[in-house]
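Here's the structure we're looking at; comments come further down.
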Amino acid sequence: MLPKHELLGSTRFEQHQYEKSWQVENMGNVYRKASRTLIYLGEDIHGTTRSTVEALRALALKMSKHVESLCDDDKAAFEKGYLHKIASFNGSRIVSEEDVGPLEHLYQCTWFVRLRIVQEATLAKTNVCFWVK
């Protein structure tokens, strides 16, 4: 029998089948309980891995600094997922088009719109993504 963390890695969905809502919901629960997930995103055919990762790190740092500056009520809203309530600060947007522009190739990847990939990346406590050239 494989250890639990390896067993999760062997979970597969048939690519030609539609993902049934109960399968997606169940995997969401698995990812939520996982301490870490390993995510294979496939090949980076545009060669944008490095710039995308740098843009994501910069955006995460910017958001982290902003969250640190919030009052307790706004921090609670952020932690509950109410990001839209703190999307602007002093009348200006926190995240600008310049922040998300370098991520455009990421949004165009076929795996980006697959719910289970987004679940893997967002629900686990930590994750490691593999996006290779």
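The values are calculated or read from the model by the stated rules, or taken from the named source; none is laboratory data. Quantities reported herein were computed from a predicted structural model and do not represent experimental measurements. Note that each Cβ is placed from the backbone with ideal geometry, even for glycine, and that neighbours are counted across all protein chains shown.
If Leu61 meets every condition in (1) at pLDDT 85 or above; (2) farther than 20 Å from Ile117 by Cα; (3) aliphatic (A, V, I, L, M); (4) surrounded by 14 or more Cβ atoms within 10 Å (Cβ to Cβ) apart from one, which number is that one? It is condition (4) that Leu61 fails. Among residues of region 105-131 that are more than 18 Å from Arg50 (Cα to Cα), those with a beta-carbon under 8 Å from a residue that is of a type in the set (D, E, K, R) and not in a strand (DSSP E or B) at least six positions away or on a different chain give the pairs Arg114/Glu19; Leu115/Glu19; Arg116/Glu19; Leu123/Arg32; Ala124/Arg32; Ala124/Arg36; Lys125/Arg36; Thr126/Arg36.
Residues are listed down the side, and each one gets a yes or a no for (1) at pLDDT below 80; (2) exposed (fewer than 11 other Cβ atoms within 10 Å of the Cβ):
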| position | (1), (2) |
| --- | --- |
| Lys75 | yes, no |
| Phe78 | yes, no |
| His84 | yes, yes |
| Arg93 | yes, yes |
| Val100 | no, no |
| Leu106 | no, no |
| Cys109 | no, no |
| Ala121 | no, no |
| Asn127 | no, no |
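Contact map, region 17-43: residues that are modelled with pLDDT under 70 paired with residues that are part of a helix (DSSP H, G or I), Cβ distance under 7 Å, separation 6+ or inter-chain. Pairs shown: Glu19/Leu115; Glu19/Arg116; Val24/Leu115; Val24/Arg116.
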